[in-house]
Amino acid sequence: MKARLLAVAFAIIVAACGSVAGSGGSDPSPTPTTSVMVTKADNQRTVTAHVGDHIQIALGDDISWKLAPPDGTVLMQEPNRNYMLVRGTQAIWLARATGRSTIQASGGVNCPSGSLCPMLLAVFSATVEVLP
């Protein structure tokens, strides 16, 4: 517990020192964004992110996933951002505000055209808790 308090205090001091604007008026050391990966292993779990993080939803390509849209308050699709998604990634959302939001998806098995395919429905649900 004592080590954690020291780490938090150090982070606050570093953040305060790094927030001084340079002569050009811009922040000389902008905070890099972090990408939080959400996969099938996170089904029925809670994932933690921070405001400003990108949430990469990568459920794989064995299922034809259809995502419910983000809530628009805690998680949102960034306007005017067209990401080139890697195979198996369904979306990249922005953690916009503190709170909790649910990622929901469902879909059927991807089968080659003309082959017999099982009629299975896959469902996915994970909660994202966004911290400051």
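All of the numbers you see were taken from the coordinates with simple rules; none came from a lab. Given the structure is predicted, the values throughout are model-derived calculations rather than measurements. Don't worry about glycine lacking a Cβ; one is built from the backbone with ideal geometry, like all the others, and counts go over all protein chains shown.
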Residues in the stretch 56-95 reached by a label modelled at THR33 [backbone nitrogen below 12 Å; 7 Å Cα→Cβ]: 56, 76-84, 92-95
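For a quick protection proxy, order the peptides 110-118, 97-105 by their average other-Cβ count within 10 Å, most packed first. Let's see the in-between values first.
Working: 110-118: 8.0, 97-105: 16.4.
Most protected by this proxy first, the peptides run 97-105, 110-118.
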Hz values of 3J(HN,Hα) by residue in the stretch 101-110 - Karplus curve (6.51, -1.76, 1.60), Gly and Pro given as x: 9, 9, 9, 10, 8, 8, x, x, 5, 7
For ILE63, residues with placed amide H under 5 Å, excluding near neighbours: ASN110
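Could you tell me what percent of the DSSP beta bridges with both partners in the stretch 32-131 are antiparallel, to the nearest 5?
In the stretch 32-131, approximately 70 percent of DSSP beta bridges are antiparallel ones.
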J(HN,Hα) series, the stretch 60-70, from Karplus relation 6.51 cos²θ - 1.76 cosθ + 1.60, nearest Hz, glycine and proline x: x, 10, 7, 10, 7, 6, 10, 8, 6, x, x
